[in-house]
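> My questions all concern the structure below.
The values are calculated or read from the model by the stated rules, or taken from the named source; none is laboratory data. It should be emphasised that the depicted structure is a prediction, and the values quoted were computed from it without experimental measurement. In this analysis, Cβ positions are derived from the backbone assuming ideal geometry, glycine residues included, and neighbour counts consider all displayed protein chains. These accessible areas exclude ligands, DNA and RNA; they are computed on the full protein's heavy atoms, side chains included. Shrake-Rupley method; radii C 1.70, N 1.55, O 1.52, S 1.80 Å.
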Amino acid sequence: MSVSVQSGDFDVSEELARLRAGNARVGAVVSFVGTVRDLSEGEDVSLMELEHYPGMTEKALAAIIAEAKARWPLLGVRVIHRVGPLKPADQIVLVAVAAAHRREAFLACEYIMDYLKTEAPFWKKETLPSGARWTEAKDSDNAAAERWREPADTKEGA
C-alpha cells in the first residue's frame, strides 16, 4: 500500500506493473486516472492549482486506504495525487487497486476515489477568463461518499 503526493507526472503503466509485480495471487487490477478538464461550470479552465498540507494529506490518504483494506481483501493499493499548477488534460490522480477478484478491486477503487474527493485535504483553484476561484467538493461527490456510510450492506457501495 503506497501513497505519493507529488508535483511530477506519473506513468500509469509503470505504476500498475509495480502494483502487481511478483504477486501471482493478483487476479484483478482496477485503476482510475483523473485529469484536469478544460471546462468547469460552463467556463474555460486554463490552469488548476492544487495545494495540500504536507504530512496531513498523506495521513488522510493512508486512513482512507486502511478503511478500504478493512472492507475488502486487497493485495495492493497505489494512490498518487499531484499538487502544483496543472493544465487541462494533465493527470491529477491515480487510484489503483489489486485484489484476487475484480469485484473487490472495483468496489475498493471506487470507495477510495469517493473518499479522496471529499475527505483528503487538497485545495483546488481554477484559473478562468473571469478570474480565479477556489473549488469545493460538489454535491454529487458528497453523495457518492455518503452512500458508503449507509447501513445496508456497505460492501456493495450503492
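> Which distance in nm do the two modelled labels at HIS101 and ALA21 give, with both placed 7 Å along the Cα-to-Cβ direction?
That separation, rounded to one decimal, is 2.9 nm.
> So, in Å, what gap is there between the alpha-carbon centers of region 1-20 and region 54-68?
Between the Cα centres of region 1-20 and region 54-68 lies a distance of 16 Å.
> Quick check: at a probe of 1.4 Å, how many percent of the accessible area of the chain sits on carbon and sulfur atoms?
Carbon plus sulfur share of accessible area: 50 percent.
> If we count every other residue with Cβ under 11 angstrom of ASP90's Cβ, Lys/Arg +1 and Asp/Glu -1, where does the sum land? Numbers along the way, then the final one.
Numbers: positive: ARG37, ARG82, LYS87; negative: ASP9, ASP38.
After counting each charged neighbour, the total is +1.
> OK, next. According to the Kirkwood expression over distinct Cα-Cα pairs, how big is the hydrodynamic radius of region 13-68, in Å? Provide the component values of the computation, followed by the final result.
Values: mean 1/r = 0.0664 Å⁻¹.
Roughly 15.1 Å, rounded to one decimal.
> Follow-up question, since we're still on this one. So who's got an amide H within less than 5 Å of the one on GLY76, skipping anything under 5 residues away but keeping other chains? H placed 1.01 Å off N, in plane.
Sorted by chain and number, the residues that satisfy this are ALA98.
> How much accessible area per residue does the chain have, counting only protein heavy atoms and a probe of 1.4 Å, in square angstrom?
With all protein chains present, the chain gives 54 Å² per residue.
> Please give the charge dipole size of the chain, origin at the Cα centre, charges +1 on K and R Cβ atoms and -1 on D and E Cβ atoms. Round to the nearest 20 debye.
660 debye
> Under a point spin-label approximation (7 Å from Cα along Cα-to-Cβ), what is the GLU119-ASP11 distance to one decimal in nm?
3.3 nm
> What net charge is computed for the residues neighbouring VAL5, neighbours being all others with C-beta under 11 Å from the C-beta of VAL5, Lys and Arg scored +1, Asp and Glu -1? Can you show the working numbers first?
Working: positive: LYS59, ARG82; negative: GLU51, GLU58.
Computed value for this residue: 0.
> Taking the Cβ of VAL36 as the centre, find all other residues whose Cβ is under 13 Å away and add up their charges (Lys, Arg: +1; Asp, Glu: -1).
Local charge sum for VAL36: -1.
> Let me know the number of lysine pairs in region 58-158 closer than 20 Å at the Cα, not counting same-chain pairs under 8 apart.
Counting lysine pairs in region 58-158 gives 13.
> Grab the DSSP H runs of the chain that are 4 residues or longer, score each as -39,500 (n - 2.57), total them, divide by all residues and round the 222 nm result to the nearest 500 deg cm²/dmol.
Details: 4 runs with 51 residues, N = 158.
Value at 222 nm, helices only, nearest 500: -10000 deg cm²/dmol.
> Quick one: 3J(HN,Hα) in Hz for region 70-75, Karplus 6.51/-1.76/1.60 with θ = phi - 60°, rounded, Gly and Pro as x.
Result, rounded to whole Hz: 6, 8, 9, x, 8, 9.
> Can I ask one more? How big is Rg to Rh over the chain, alpha-carbon atoms, Rh as the Kirkwood inverse-mean-distance radius? Spell out each step's value before the answer.
Details: Rg = 16.0 Å, Rh = 16.3 Å.
In the chain, Rg relative to Rh is 0.98.
> List, in order, the whole-Hz ³J(HN,Hα) value for each residue of region 107-121 obtained from phi through the Karplus relation with A = 6.51, B = -1.76, C = 1.60 and θ = phi - 60°; use x for Gly and Pro.
4, 5, 4, 5, 4, 4, 5, 4, 6, 4, 5, 10, 10, 6, x
> Obtain the nm distance between the two label points defined at GLU43 and ARG133 by a simple spin-label model: each point lies 7 Å from its Cα along the Cα-to-C-beta direction.
Each label point is offset 7 Å from its Cα along the Cβ direction, giving 0.5 nm.
> I'd like to compare 108-116, 14-22, 59-67: which one has the highest average count of other Cβ atoms within 10 Å, and what's the full order after that?
Highest mean packing first, the order is 108-116, 59-67, 14-22.
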